[in-house]
Amino acid sequence: MPNDNQPSFSRSRRWRIGLDLVARTVLVCAVVVMANFLGAQFFRRFYLSSQTRIHLSSRTVSVLHSLTNRVTVTLYYDQKDDFYPDVVALLNEYCAANPKISVRTVDYVRDAGAAEKVKEKYKLNSASDKNLIIFDADNGLPQIRPGNGLVQYGPEGISKDKKIEFGPVAFNGEEMFTSMLVALENARPFKAYFLQGRGEPSLTDSGQAGYLKFASVLREYNVDVQPLALLGDSDVPDDCNLLIIAGPTEPLSELELQKIHKYLAQGGRLFALFNYASRTRPTGLEDILAQDWGVNVAADVVRDLNNTTSSSGSDVDVNKFSQHPVVNPLTQSVLQMILPRPVRRLDLNNPPPDAPQVTELAFSGDSSTLVDDATEPPRSYPLMAAVEQKNTAGVVNPRGTTRMVITGDSIFLDNLVIEGGANRDFLGYAVNWLLDRPQLVGGIGPRRVSGFRLLMTKAQQREVRWVLLGALPGAVLLFGGLVWLVRRK
């Protein structure tokens, strides 16, 4: 008879089983670790929807690859915002391109405790501090941008009653995020001076004709802009990286023109914006640009009735561009200009070898006319130009290489019109080219926002309502009744 007290397994067999279990567990864990390692190093991403497919530009990829510091991105955001998923999806692409970037979300609506910590850390004391994107690195000042600058609004279609409907048409997230990364790597902002005293708009004016939004866009690109009056013996400051002259309505004095001429001769950067108000009272800048730099700002106004949205034809929708870093990202966009003046390149018969290079940037439609000169036949007119003066061999200008952007309109960048079309984007591209920041110019453009609309008649809406409220619940009840009858039998 067998002994009931005899163990089922001997001690040696129990040890073999235990070691086998440990070995199998270690083997499984090793396979899991290796699979995760290989998956993190060699992965392929698939998109279930074309709407979520995001391709970073080559410029953004180069900026991300050159990033050496760890960057923490804080989304101080309401997660129910319509564009919050787009912001997260784009930042995930940044994280995938460089693991030194990490993202966290603080919902200020639902997580009051975490929101208070963010407000205390970044000194967010204003009631308007909502939906913010914060880039923070160990060695730089944090970059904070409002989320309302991510979306560009414009005409998106025609309603049934023949009215233009406005809505989101472009998402500028990549341009903003890349500029914030560049600003983190360059802690000291560029310095721009805005000429005042001759009827120019004010940088602090929040009215329709003011330039408050203009100044805010420059600060988003890490450019500190300050007003400047060229009075007395004061010249253009030595730390001036960019001189802005926007819409003067009164002639500049001879002393002011001499200082501007000296600044440009030293390799200065100029952003000059004219408008229709000064065509009968020349500011004096026109002569400097024509004589020294080969640019003619004509004393007239362009009207393009085939590309306008106003009944008076005062605005011009510009969609023809040349090949230049300032306008290359705008090839599929539209600029909305108001009563623009022609800005032509002067062709010299025998230009010197060191002549400045002038490029006409944007043009009106082929059937455009001039308001004051009726003898000119309808044709396309240039409305802005870019100038670049290469340094002569062996000569080094104290301020670098002279660059200029001249436009025939200044109103299209005021508080009222800057949000129209791609005007805000043009401002960013022009300033970044003038400051020689190619990583923020080429290859980065707004991503189009595709809208979908479901149109149904009242009869179709009634049918859908009956299906949702009657047919679907009725089908569930019927199926449940049949199951009950079968089980009862």
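So which residues in segment 209-235 are over 22 Å from the mean Cα position of the chain (by Cα), surrounded by fewer than 21 Cβ atoms within 10 Å (Cβ to Cβ) and assigned to a loop (DSSP other than H, G, I, E, B), if there are any at all?
Taking segment 209-235 and keeping what is over 22 Å from the mean Cα position of the chain (by Cα), we get 209, 226-235.
Then drop every residue that is not surrounded by fewer than 21 Cβ atoms within 10 Å (Cβ to Cβ), which leaves 209, 226-229, 231-235.
Across segment 209-235, the qualifying residues are 209, 229, 231, 232, 233, 234, 235.
Filter segment 110-132 for residues that are at pLDDT 90 or above, assigned to a loop (DSSP other than H, G, I, E, B) and among the hydrophobic types (A, V, I, L, M, F, W, C) and give the result.
Within segment 110-132, none qualify.
Go over the candidates 144, 164 one by one and state the one that is more than 29 Å from residue 268 (Cα to Cα), at pLDDT below 85 and out of contact with any Asp or Glu (no Cβ under 7 Å at 6 or more places or on another chain). I'd like the intermediate steps shown before the answer.
On the way: 144 fails: at pLDDT below 85.
Only one candidate passes the filter, namely 164.
Of all residues in segment 323-353, which are in a loop (DSSP other than H, G, I, E, B), over 22 Å from residue 313 (Cα atoms) and of a type outside the set (S, T, N, Q)?
Hits for segment 323-353 are 324, 325, 326, 327, 346, 347, 348, 351, 352, 353.
Out of the residues in segment 378-396 that are part of a loop (DSSP other than H, G, I, E, B) and either at pLDDT 90 or above or aliphatic (A, V, I, L, M) (or both), which is surrounded by the most Cβ atoms within 10 Å (Cβ to Cβ)?
Applying the filter and picking the extreme gives 381.
Please pick out the residue among 275, 296 that is outside the structural domain of residue 182 (by TED's automatic domain parsing), within 24 Å of residue 355 (Cα to Cα) and in contact with an Asp or Glu (Cβ under 9 Å, 6 or more places away or on another chain).
From the options 275, 296, the qualifying one is 296.
Pairs please, first residue from segment 385-400 and within 22 Å of residue 427 (Cα to Cα), second anywhere and at pLDDT below 75, Cβ atoms under 7 Å, 6+ apart in sequence or on different chains.
none
Residue 69 - would you say it is assigned by TED's automatic domain parsing to the domain that holds residue 177 and surrounded by fewer than 16 Cβ atoms within 10 Å (Cβ to Cβ)?
yes
Only one of (1) assigned to a loop (DSSP other than H, G, I, E, B); (2) closer than 26 Å to residue 401 by Cα; (3) among the charged types (D, E, K, R) is not met by residue 250, so which one is it?
(2)
Specify the residue that is farthest from residue 323 (Cα to Cα); the eligible residues are those in segment 397-430 that are outside any helix (DSSP H, G or I) and among the hydrophobic types (A, V, I, L, M, F, W, C).
Ranking the qualifying residues of segment 397-430, first place goes to 416.
Could you list, in sequence order, the residues of segment 264-292 that are in a helix (DSSP H, G or I), touching a strand residue (DSSP E or B) at 6+ places or on another chain (Cβ under 6 Å) and surrounded by fewer than 22 Cβ atoms within 10 Å (Cβ to Cβ)?
Within segment 264-292, 286, 290 meet the criteria.
The values are calculated or read from the model by the stated rules, or taken from the named source; none is laboratory data. Computed from a predicted model, the values in this text were never measured in an experiment. Cβ coordinates were reconstructed from backbone atoms using ideal geometry, including for glycine residues, and neighbour counts include every protein chain displayed.
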